[in-house]
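The structure appears right after this line, and notes come after that.
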Amino acid sequence: LPIYEVVYTVNHGGGDVDALWWDLDDATTATLRDGTDVTTVLAIAGTNAQRFAILQGSSDPSSIAAVALSATPTTQTYAAGGAVEFALVLANGDALAQRTDGSAIVVFDGVAGTFQAIAGTGLAVAGPGVDAGDFVYAQTTSAQQDLAMWDASAAAPVMLSTTAGDDVWQATTNGKVYFTRNDVLGHAQLHVHAVASGVDRKSTRLNSSH
């Protein structure tokens, strides 16, 4: 069923912006965040059973919050220990953020309503993975950019490529992850990783010299 809800901000002036919620079905309203700084609404996560506003206050860029959209909102806050930025919301309602220094990816579980973090080096969310809750991310290994996929069902990463060279995610579809890597001449070549079989296939060169 469609859900008729609005999350909006109110600017009180002087750098004071709050976030509020309005349920159009029954006219229920609630304040999601009332601070003395600027509240930014980053995304809406969760499922039809319970949705969450992903918020961040300008006075604390190292934290990110998930606030339940209800008449009595509850807030889950994740303190990342360093500047954190929003990345994307997956199709299953999970929300992803990342430390700007690449040291962690933060995952908000849209069903459980909880945060968890994946630690590493050079981490950056790339795009969705093959199944619900999966996502592809980049990581730095020996000064090169490799790709991995977080497997939500196993709560563990699956390496997609560790071959020499920097890998760049392009798309995920039909159980396969598509990414590019430059060859020795600097030409981008398309690679396809079938996650279930763990097999890579290389396609034709995407550009050529003249």
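The values are calculated or read from the model by the stated rules, or taken from the named source; none is laboratory data. Bear in mind the structure is a predicted one, so any value in this text is a computation, not a measurement. Neighbour counts run over all protein chains shown; Cβ positions are idealised from the backbone, glycine included. Note: areas computed on protein heavy atoms with side chains; ligands, DNA, RNA excluded. Shrake-Rupley method; radii C 1.70, N 1.55, O 1.52, S 1.80 Å.
Among the numbered conditions (1) more than 25 Å from THR31 (Cα to Cα); (2) in a strand (DSSP E or B), the only one that GLY81 does not meet is (2).
Out of ASP26, ASP60, report the one residue that is out of contact with any Phe, Trp or Tyr (no Cβ under 9 Å at 6 or more places or on another chain), charged (D, E, K, R) and under 30 Å from GLY102 (Cβ atoms). Reasoning before the result, please.
Numbers: ASP26 fails: under 30 Å from GLY102 (Cβ atoms).
That would be ASP60, the only listed residue that is out of contact with any Phe, Trp or Tyr (no Cβ under 9 Å at 6 or more places or on another chain), charged (D, E, K, R) and under 30 Å from GLY102 (Cβ atoms).
So is ASP26 touching a Gly at 6+ places or on another chain (Cβ under 8 Å) and without any contact (Cβ under 8 Å) to a residue 24 or more places away in the chain or not? Before you say what the answer is, go through the steps one by one.
Working: touching a Gly at 6+ places or on another chain (Cβ under 8 Å): no; without any contact (Cβ under 8 Å) to a residue 24 or more places away in the chain: yes.
The answer is no for ASP26.
Restricting attention to the stretch 73-85, does a residue exist that is open to solvent by 60 Å² or more (accessible area, probe 1.4 Å) and farther than 22 Å from PHE115 by Cβ? No - not one qualifying residue is present in the stretch 73-85.
Taking strands (runs of 3 or more DSSP E) that fall entirely within the stretch 160-210, which contain at least 2 residues that are under 14 Å from GLY127 (Cα atoms) and modelled with pLDDT of 90 or more?
Ranges flagged: 167-173, 176-182.
Considering the stretch 1-41 alone, what residues qualify as being assigned to a strand (DSSP E or B), closer than 25 Å to VAL111 by Cα and aliphatic (A, V, I, L, M)? The answer is VAL6, VAL7, ALA19, LEU20, ALA30, LEU32, VAL41. So for the stretch 42-53 (the condition being assigned to a strand (DSSP E or B) and surrounded by fewer than 17 Cβ atoms within 10 Å (Cβ to Cβ)), does at least one residue qualify? Within the stretch 42-53 (the criterion being assigned to a strand (DSSP E or B) and surrounded by fewer than 17 Cβ atoms within 10 Å (Cβ to Cβ)), the answer is no, since none of the residues qualifies. Consider the stretch 86-102 and keep the residues that are open to solvent by 40 Å² or more (accessible area, probe 1.4 Å) and not in a strand (DSSP E or B). The one that is farthest from ASN48 (Cα to Cα) is ASP101.
Quick one: is THR141 modelled with pLDDT under 95 and farther than 14 Å from VAL41 by Cα? Walk me through it before giving the result.
On the way: modelled with pLDDT under 95: yes; farther than 14 Å from VAL41 by Cα: yes.
Yes, satisfied.
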